[in-house]
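Heads up, the thing below is written out as C-alpha coordinates.
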Amino acid sequence: MSSPNKAANAGVHGSSGFEFQKHCALYILFDKYKDIKDRKYFICLEHHDDFLICYQTNDELVSSIDAYQAKKSSGEWKQGTEIYEILKKMTEVGITLKNDNIQKLDSYTHNLEFVTNNSISLNNNKRGKGKRKSTIINETTSRLRLMDLNEEIGSLIKSEVQKLLGQNSEALMELDNVSMAYIDLPKKYKQQKDYLVGHFNRIFGKTVSDHRAAVEALLLLFRDVENTLNSGNIVKIMDESKRVSSEKIDNAINIITTKNMAFDLWRAEEKEVCNKLRIVISEKRRFESDFINSIDRFKDKEQVEHQNIFSFVKDNKNSLNDFIDEFDCIQFLYEEFSKHVNSQLPTLSIKAAIYAAYIEVRAELWE
(Lines give C-alpha, C1' and ligand atoms only; values in the text may rest on other atoms or scores of the structure.)
Protein backbone atom coordinates (compact mmCIF):
# COMPACT_ATOMS: atom_id res chain seq x y z
CA MET A 1 0.00 0.00 0.00
CA SER A 2 1.17 3.51 -0.75
CA SER A 3 0.92 5.88 2.17
CA PRO A 4 -0.84 9.26 2.08
CA ASN A 5 1.41 12.11 1.03
CA LYS A 6 0.27 15.65 1.83
CA ALA A 7 2.48 16.96 -0.99
CA ALA A 8 0.99 14.59 -3.54
CA ASN A 9 -1.43 17.21 -4.86
CA ALA A 10 0.78 20.25 -4.29
CA GLY A 11 1.49 20.62 -7.99
CA VAL A 12 -2.16 20.17 -8.87
CA HIS A 13 -3.36 22.94 -6.59
CA GLY A 14 -0.58 25.21 -7.87
CA SER A 15 -0.73 24.15 -11.51
CA SER A 16 -0.40 27.67 -12.87
CA GLY A 17 3.17 27.80 -11.55
CA PHE A 18 4.28 24.51 -13.02
CA GLU A 19 4.60 25.33 -16.71
CA PHE A 20 8.36 24.79 -16.56
CA GLN A 21 7.88 21.14 -15.56
CA LYS A 22 5.60 20.52 -18.56
CA HIS A 23 8.05 22.25 -20.88
CA CYS A 24 10.88 20.10 -19.50
CA ALA A 25 8.83 16.94 -19.96
CA LEU A 26 8.11 17.84 -23.59
CA TYR A 27 11.74 18.82 -24.19
CA ILE A 28 12.96 15.47 -22.87
CA LEU A 29 10.28 13.62 -24.87
CA PHE A 30 11.50 15.34 -28.06
CA ASP A 31 15.12 14.55 -27.14
CA LYS A 32 14.32 10.86 -26.66
CA TYR A 33 11.59 10.50 -29.30
CA LYS A 34 13.59 8.81 -32.07
CA ASP A 35 14.89 6.22 -29.58
CA ILE A 36 11.59 5.52 -27.79
CA LYS A 37 8.92 6.05 -30.47
CA ASP A 38 8.62 2.29 -31.03
CA ARG A 39 8.56 1.46 -27.29
CA LYS A 40 5.62 1.27 -24.89
CA TYR A 41 5.81 3.96 -22.21
CA PHE A 42 3.81 6.54 -20.33
CA ILE A 43 4.57 9.92 -18.79
CA CYS A 44 3.26 10.99 -15.38
CA LEU A 45 3.17 14.60 -14.18
CA GLU A 46 3.29 15.54 -10.48
CA HIS A 47 3.84 11.88 -9.62
CA HIS A 48 6.39 11.09 -6.89
CA ASP A 49 8.71 13.66 -8.40
CA ASP A 50 7.75 16.42 -10.84
CA PHE A 51 7.39 13.99 -13.73
CA LEU A 52 8.52 10.55 -14.77
CA ILE A 53 8.76 8.40 -17.89
CA CYS A 54 7.86 4.78 -17.25
CA TYR A 55 8.93 2.16 -19.82
CA GLN A 56 6.92 -1.05 -20.17
CA THR A 57 7.08 -4.38 -21.93
CA ASN A 58 4.27 -5.37 -24.30
CA ASP A 59 2.78 -7.23 -21.32
CA GLU A 60 2.74 -3.91 -19.38
CA LEU A 61 5.43 -4.92 -16.92
CA VAL A 62 7.60 -1.97 -15.95
CA SER A 63 11.17 -2.37 -17.19
CA SER A 64 12.56 0.99 -16.03
CA ILE A 65 11.60 4.48 -14.87
CA ASP A 66 13.29 7.85 -15.41
CA ALA A 67 12.11 10.29 -12.71
CA TYR A 68 12.82 14.00 -12.98
CA GLN A 69 12.87 16.87 -10.53
CA ALA A 70 12.68 20.01 -12.70
CA LYS A 71 13.46 23.47 -11.33
CA LYS A 72 14.09 26.68 -13.22
CA SER A 73 16.60 29.19 -11.94
CA SER A 74 17.62 32.74 -12.86
CA GLY A 75 21.11 32.19 -11.47
CA GLU A 76 23.75 29.51 -11.18
CA TRP A 77 23.10 26.72 -8.68
CA LYS A 78 25.71 26.73 -5.91
CA GLN A 79 26.50 23.67 -3.85
CA GLY A 80 24.71 23.98 -0.53
CA THR A 81 21.56 23.30 1.47
CA GLU A 82 19.12 23.72 -1.43
CA ILE A 83 20.96 21.21 -3.63
CA TYR A 84 21.28 18.76 -0.73
CA GLU A 85 17.54 18.99 0.03
CA ILE A 86 16.72 18.28 -3.63
CA LEU A 87 19.00 15.23 -3.63
CA LYS A 88 17.48 14.02 -0.34
CA LYS A 89 14.01 14.25 -1.85
CA MET A 90 15.14 12.34 -4.94
CA THR A 91 16.56 9.47 -2.91
CA GLU A 92 13.22 9.19 -1.12
CA VAL A 93 11.50 9.17 -4.50
CA GLY A 94 13.73 6.24 -5.45
CA ILE A 95 12.50 4.25 -2.45
CA THR A 96 8.88 5.11 -3.24
CA LEU A 97 9.31 3.98 -6.85
CA LYS A 98 10.91 0.72 -5.73
CA ASN A 99 8.07 0.04 -3.28
CA ASP A 100 5.24 1.00 -5.65
CA ASN A 101 3.11 -2.08 -6.26
CA ILE A 102 2.93 -1.72 -10.05
CA GLN A 103 4.20 -4.94 -11.64
CA LYS A 104 7.88 -4.77 -12.58
CA LEU A 105 10.44 -6.98 -14.29
CA ASP A 106 12.99 -8.66 -12.02
CA SER A 107 15.62 -6.57 -13.85
CA TYR A 108 13.76 -3.30 -13.12
CA THR A 109 15.92 -0.17 -12.71
CA HIS A 110 15.25 3.53 -12.23
CA ASN A 111 17.13 6.79 -12.72
CA LEU A 112 16.58 9.93 -10.65
CA GLU A 113 17.54 13.17 -12.37
CA PHE A 114 17.57 16.79 -11.27
CA VAL A 115 17.15 19.00 -14.35
CA THR A 116 17.49 22.77 -14.49
CA ASN A 117 17.96 25.51 -17.05
CA ASN A 118 21.01 27.01 -15.35
CA SER A 119 24.50 25.75 -14.59
CA ILE A 120 25.28 23.75 -11.44
CA SER A 121 28.59 24.45 -9.69
CA LEU A 122 30.01 21.69 -7.49
CA ASN A 123 33.25 21.49 -5.48
CA ASN A 124 35.02 19.66 -2.63
CA ASN A 125 34.81 22.73 -0.32
CA LYS A 126 38.58 22.94 0.03
CA ARG A 127 40.74 26.00 -0.51
CA GLY A 128 44.35 26.35 -1.39
CA LYS A 129 46.52 25.70 -4.41
CA GLY A 130 46.08 22.19 -5.74
CA LYS A 131 43.49 21.28 -3.10
CA ARG A 132 40.29 22.62 -4.61
CA LYS A 133 38.41 20.30 -6.98
CA SER A 134 35.42 21.61 -8.90
CA THR A 135 33.10 20.83 -11.79
CA ILE A 136 30.30 22.67 -13.58
CA ILE A 137 27.28 21.10 -15.23
CA ASN A 138 26.27 23.32 -18.14
CA GLU A 139 26.02 23.42 -21.96
CA THR A 140 29.40 21.68 -22.27
CA THR A 141 28.97 18.98 -19.62
CA SER A 142 25.22 18.67 -19.73
CA ARG A 143 24.75 15.63 -17.49
CA LEU A 144 26.68 13.96 -14.68
CA ARG A 145 25.84 11.02 -12.43
CA LEU A 146 26.77 11.54 -8.79
CA MET A 147 28.74 8.30 -8.82
CA ASP A 148 30.89 9.66 -11.68
CA LEU A 149 31.85 12.89 -9.90
CA ASN A 150 35.34 13.53 -8.59
CA GLU A 151 35.68 11.28 -5.51
CA GLU A 152 36.17 14.16 -3.05
CA ILE A 153 33.18 16.12 -4.42
CA GLY A 154 31.01 13.00 -4.45
CA SER A 155 31.98 12.07 -0.88
CA LEU A 156 31.17 15.57 0.40
CA ILE A 157 27.74 15.55 -1.26
CA LYS A 158 27.01 12.06 0.06
CA SER A 159 28.03 13.12 3.58
CA GLU A 160 25.76 16.17 3.56
CA VAL A 161 22.77 14.25 2.19
CA GLN A 162 23.37 11.53 4.79
CA LYS A 163 23.00 14.15 7.55
CA LEU A 164 19.57 15.04 6.17
CA LEU A 165 18.50 11.40 5.80
CA GLY A 166 19.56 10.37 9.28
CA GLN A 167 19.29 6.60 9.73
CA ASN A 168 17.64 6.03 6.34
CA SER A 169 20.49 3.98 4.84
CA GLU A 170 18.23 2.53 2.14
CA ALA A 171 17.57 6.02 0.75
CA LEU A 172 21.27 6.85 0.89
CA MET A 173 22.00 3.94 -1.48
CA GLU A 174 19.69 5.60 -4.01
CA LEU A 175 22.36 8.27 -4.59
CA ASP A 176 23.93 5.82 -7.05
CA ASN A 177 20.82 6.33 -9.23
CA VAL A 178 20.94 10.14 -9.07
CA SER A 179 22.21 12.46 -11.79
CA MET A 180 22.13 16.20 -12.44
CA ALA A 181 21.52 17.73 -15.85
CA TYR A 182 21.50 21.09 -17.58
CA ILE A 183 18.55 21.54 -19.95
CA ASP A 184 18.81 24.17 -22.66
CA LEU A 185 15.53 26.01 -22.02
CA PRO A 186 15.34 29.82 -21.80
CA LYS A 187 14.30 31.58 -18.61
CA LYS A 188 11.02 33.09 -19.84
CA TYR A 189 7.79 31.20 -20.54
CA LYS A 190 7.24 32.48 -24.10
CA GLN A 191 10.86 31.85 -25.09
CA GLN A 192 10.62 28.31 -23.69
CA LYS A 193 7.64 27.65 -25.96
CA ASP A 194 9.48 29.13 -28.95
CA TYR A 195 12.39 26.79 -28.23
CA LEU A 196 10.06 23.77 -28.05
CA VAL A 197 8.52 24.74 -31.39
CA GLY A 198 12.00 24.87 -32.93
CA HIS A 199 12.91 21.53 -31.31
CA PHE A 200 9.74 19.94 -32.75
CA ASN A 201 10.56 21.37 -36.17
CA ARG A 202 14.03 19.78 -36.08
CA ILE A 203 12.45 16.36 -35.48
CA PHE A 204 9.41 16.44 -37.77
CA GLY A 205 10.35 19.11 -40.30
CA LYS A 206 8.06 19.43 -43.31
CA THR A 207 5.81 16.55 -42.22
CA VAL A 208 4.04 19.17 -40.07
CA SER A 209 3.08 22.60 -41.34
CA ASP A 210 2.12 24.24 -38.03
CA HIS A 211 4.77 23.31 -35.46
CA ARG A 212 3.41 25.72 -32.86
CA ALA A 213 -0.06 24.15 -33.01
CA ALA A 214 1.56 20.71 -32.66
CA VAL A 215 3.42 21.74 -29.49
CA GLU A 216 0.20 23.22 -28.06
CA ALA A 217 -1.66 19.96 -28.77
CA LEU A 218 0.97 17.91 -26.90
CA LEU A 219 1.07 20.34 -23.97
CA LEU A 220 -2.71 20.01 -23.75
CA LEU A 221 -2.31 16.25 -23.16
CA PHE A 222 -0.05 17.04 -20.19
CA ARG A 223 -2.40 19.71 -18.86
CA ASP A 224 -5.35 17.30 -18.79
CA VAL A 225 -3.56 14.85 -16.46
CA GLU A 226 -1.74 17.51 -14.48
CA ASN A 227 -5.05 18.87 -13.21
CA THR A 228 -6.25 15.44 -12.05
CA LEU A 229 -5.99 15.11 -8.28
CA ASN A 230 -4.15 12.17 -6.79
CA SER A 231 -6.88 10.05 -5.18
CA GLY A 232 -6.82 10.39 -1.41
CA ASN A 233 -3.44 12.16 -1.62
CA ILE A 234 -1.98 8.71 -2.33
CA VAL A 235 0.57 8.62 -5.11
CA LYS A 236 0.50 5.48 -7.27
CA ILE A 237 2.08 4.81 -10.65
CA MET A 238 -0.83 2.46 -11.34
CA ASP A 239 -3.22 5.46 -11.36
CA GLU A 240 -3.99 5.66 -15.09
CA SER A 241 -5.74 9.03 -14.72
CA LYS A 242 -2.30 10.62 -14.17
CA ARG A 243 -0.73 9.10 -17.28
CA VAL A 244 -0.09 10.30 -20.80
CA SER A 245 0.49 7.04 -22.66
CA SER A 246 2.74 6.52 -25.67
CA GLU A 247 -0.44 5.57 -27.53
CA LYS A 248 -1.99 8.99 -26.82
CA ILE A 249 1.22 10.76 -27.82
CA ASP A 250 1.53 8.69 -31.02
CA ASN A 251 -2.13 9.35 -31.88
CA ALA A 252 -1.64 13.09 -31.39
CA ILE A 253 1.48 13.12 -33.55
CA ASN A 254 -0.19 10.93 -36.20
CA ILE A 255 -3.17 13.28 -36.34
CA ILE A 256 -0.84 16.28 -36.65
CA THR A 257 1.25 14.72 -39.44
CA THR A 258 -1.75 13.18 -41.24
CA LYS A 259 -3.58 16.51 -41.13
CA ASN A 260 -0.59 18.20 -42.72
CA MET A 261 -0.41 15.57 -45.47
CA ALA A 262 -4.16 15.80 -46.01
CA PHE A 263 -4.11 19.58 -46.27
CA ASP A 264 -1.24 19.49 -48.77
CA LEU A 265 -3.15 16.96 -50.87
CA TRP A 266 -6.31 19.06 -50.71
CA ARG A 267 -4.45 22.11 -52.01
CA ALA A 268 -2.97 20.03 -54.85
CA GLU A 269 -6.14 18.10 -55.72
CA GLU A 270 -8.91 20.58 -54.86
CA LYS A 271 -10.10 21.08 -58.45
CA GLU A 272 -10.23 17.39 -59.39
CA VAL A 273 -11.89 16.31 -56.14
CA CYS A 274 -14.57 18.99 -56.33
CA ASN A 275 -15.29 18.14 -59.97
CA LYS A 276 -15.57 14.41 -59.33
CA LEU A 277 -17.64 14.72 -56.13
CA ARG A 278 -19.66 17.64 -57.54
CA ILE A 279 -18.83 20.15 -54.80
CA VAL A 280 -20.24 23.53 -55.79
CA ILE A 281 -18.25 26.73 -55.26
CA SER A 282 -20.35 27.88 -52.30
CA GLU A 283 -19.69 24.60 -50.44
CA LYS A 284 -15.89 24.38 -50.99
CA ARG A 285 -14.95 26.07 -47.72
CA ARG A 286 -17.26 23.82 -45.68
CA PHE A 287 -16.03 20.72 -47.54
CA GLU A 288 -12.41 21.63 -46.77
CA SER A 289 -13.23 22.10 -43.07
CA ASP A 290 -15.11 18.78 -42.88
CA PHE A 291 -12.29 17.03 -44.71
CA ILE A 292 -9.55 18.27 -42.34
CA ASN A 293 -11.67 17.67 -39.21
CA SER A 294 -12.42 14.10 -40.31
CA ILE A 295 -8.78 13.20 -39.48
CA ASP A 296 -9.48 14.00 -35.80
CA ARG A 297 -12.85 12.29 -35.80
CA PHE A 298 -11.48 9.01 -37.14
CA LYS A 299 -9.40 8.79 -33.92
CA ASP A 300 -12.33 9.64 -31.64
CA LYS A 301 -14.30 6.51 -30.72
CA GLU A 302 -17.34 8.61 -29.85
CA GLN A 303 -17.62 9.83 -33.46
CA VAL A 304 -19.53 6.74 -34.57
CA GLU A 305 -20.53 8.06 -38.02
CA HIS A 306 -16.93 8.83 -38.90
CA GLN A 307 -15.78 5.50 -37.47
CA ASN A 308 -18.26 3.77 -39.78
CA ILE A 309 -17.01 5.66 -42.84
CA PHE A 310 -13.37 4.89 -42.07
CA SER A 311 -14.16 1.21 -41.48
CA PHE A 312 -16.09 1.05 -44.76
CA VAL A 313 -13.20 2.50 -46.77
CA LYS A 314 -10.69 0.27 -45.00
CA ASP A 315 -12.85 -2.83 -45.59
CA ASN A 316 -13.02 -1.90 -49.29
CA LYS A 317 -9.34 -1.08 -49.74
CA ASN A 318 -9.11 -3.67 -52.52
CA SER A 319 -10.96 -1.12 -54.65
CA LEU A 320 -7.64 0.71 -54.93
CA ASN A 321 -6.48 -2.19 -57.15
CA ASP A 322 -9.36 -1.63 -59.60
CA PHE A 323 -8.80 2.00 -60.58
CA ILE A 324 -6.10 3.95 -62.39
CA ASP A 325 -7.63 7.35 -61.64
CA GLU A 326 -7.74 8.10 -57.88
CA PHE A 327 -10.72 10.41 -58.14
CA ASP A 328 -12.75 7.70 -59.88
CA CYS A 329 -11.92 5.43 -56.95
CA ILE A 330 -13.01 8.09 -54.40
CA GLN A 331 -16.27 8.60 -56.29
CA PHE A 332 -16.87 4.84 -56.42
CA LEU A 333 -16.34 4.51 -52.64
CA TYR A 334 -18.76 7.37 -51.99
CA GLU A 335 -21.43 5.85 -54.22
CA GLU A 336 -21.03 2.38 -52.69
CA PHE A 337 -21.21 3.80 -49.17
CA SER A 338 -24.36 5.75 -50.03
CA LYS A 339 -25.98 2.59 -51.44
CA HIS A 340 -25.17 0.24 -48.57
CA VAL A 341 -24.81 2.34 -45.40
CA ASN A 342 -27.38 4.59 -43.75
CA SER A 343 -25.53 7.59 -42.28
CA GLN A 344 -26.91 10.50 -40.26
CA LEU A 345 -24.26 12.85 -41.63
CA PRO A 346 -25.06 15.46 -44.32
CA THR A 347 -24.06 14.46 -47.85
CA LEU A 348 -21.23 17.02 -47.95
CA SER A 349 -19.74 15.67 -44.71
CA ILE A 350 -19.92 12.08 -46.02
CA LYS A 351 -18.05 13.07 -49.19
CA ALA A 352 -15.38 14.88 -47.14
CA ALA A 353 -14.97 11.92 -44.77
CA ILE A 354 -14.76 9.41 -47.65
CA TYR A 355 -11.97 11.50 -49.21
CA ALA A 356 -10.10 11.76 -45.86
CA ALA A 357 -10.49 8.03 -45.17
CA TYR A 358 -9.25 7.22 -48.66
CA ILE A 359 -6.05 9.23 -48.04
CA GLU A 360 -5.41 7.49 -44.70
CA VAL A 361 -6.03 3.99 -46.08
CA ARG A 362 -3.90 4.71 -49.13
CA ALA A 363 -1.05 5.91 -46.87
CA GLU A 364 -1.24 2.63 -44.89
CA LEU A 365 -1.00 0.62 -48.12
CA TRP A 366 2.00 2.61 -49.28
CA GLU A 367 3.98 2.15 -46.05
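The values are calculated or read from the model by the stated rules, or taken from the named source; none is laboratory data. What you are looking at is a predicted structure, and each value in this text was computed from that prediction instead of being measured. Don't worry about glycine lacking a Cβ; one is built from the backbone with ideal geometry, like all the others, and counts go over all protein chains shown. Surface areas here come from the heavy atoms of the whole protein model, side chains and all, with no ligands, DNA or RNA. Shrake-Rupley method; radii C 1.70, N 1.55, O 1.52, S 1.80 Å.
Exactly one of (1) open to solvent by 60 Å² or more (accessible area, probe 1.4 Å); (2) closer than 21 Å to A70 by Cβ is unmet by L144. Its number?
The number of the failed condition is (1).
Does L333 meet the test of being touching a residue at least 12 places away in the same chain (Cβ under 8 Å) and open to solvent by 30 Å² or more (accessible area, probe 1.4 Å)?
No.
Determine whether L149 is under 31 Å from the mean Cα position of the chain (by Cα), of a type outside the set (D, E, K, R) and under 13 Å from I86 (Cα atoms).
In short, no.
Name every residue in region 177-196 that is part of a helix (DSSP H, G or I) and hydroxyl-bearing (S, T, Y), in order of residue number.
Scanning region 177-196 gives Y189, Y195.
Against the condition at pLDDT 90 or above, over 19 Å from Q69 (Cα atoms) and β-branched (V, I, T), how does I153 come out, does it pass?
yes
Quick check: anything in region 110-132 part of a helix (DSSP H, G or I), under 16 Å from D66 (Cα atoms) and either open to solvent by less than 20 Å² (accessible area, probe 1.4 Å) or touching a residue at least 12 places away in the same chain (Cβ under 8 Å) (or both)?
no
Please go through region 248-274 and give me each residue that is among the hydroxyl-bearing types (S, T, Y) and open to solvent by 30 Å² or more (accessible area, probe 1.4 Å), ordered by number.
Within region 248-274, T257 is the sole residue that qualifies.
Condition test on L365, is it assigned to a helix (DSSP H, G or I), open to solvent by 50 Å² or more (accessible area, probe 1.4 Å), aliphatic (A, V, I, L, M) and in contact with a helix residue (DSSP H, G or I) (Cβ under 8 Å, 6 or more places away or on another chain)?
Judged against the criteria, L365 is a match.
Return the only residue of I255, I330 being within 30 Å of R212 (Cβ to Cβ), in a helix (DSSP H, G or I) and of a type in the set (A, V, I, L, M).
Within the list I255, I330, the selection yields I255.
Would you mind finding the one in L144, L172 that is more than 29 Å from the chain's Cα centre (by Cα) and either within 14 Å of T116 (Cα to Cα) or among the aliphatic types (A, V, I, L, M) (or both)?
L172
Which of the residues spanning region 63-75 are without any contact (Cβ under 8 Å) to a residue 60 or more places away in the chain and over 24 Å from the mean Cα position of the chain (by Cα)?
G75
In region 279-298, is there at least one residue being in contact (Cβ under 8 Å) with a residue 40 or more places away in the chain, surrounded by fewer than 16 Cβ atoms within 10 Å (Cβ to Cβ) and touching a strand residue (DSSP E or B) at 6+ places or on another chain (Cβ under 7 Å)?
Within region 279-298, not a single residue is in contact (Cβ under 8 Å) with a residue 40 or more places away in the chain, surrounded by fewer than 16 Cβ atoms within 10 Å (Cβ to Cβ) and touching a strand residue (DSSP E or B) at 6+ places or on another chain (Cβ under 7 Å).
So which of D38, D31, D50, D100 is surrounded by 16 or more Cβ atoms within 10 Å (Cβ to Cβ), acidic (D, E) and within 21 Å of the chain's Cα centre (by Cα)?
Being surrounded by 16 or more Cβ atoms within 10 Å (Cβ to Cβ), acidic (D, E) and within 21 Å of the chain's Cα centre (by Cα) holds for just one of D38, D31, D50, D100, which is D50.
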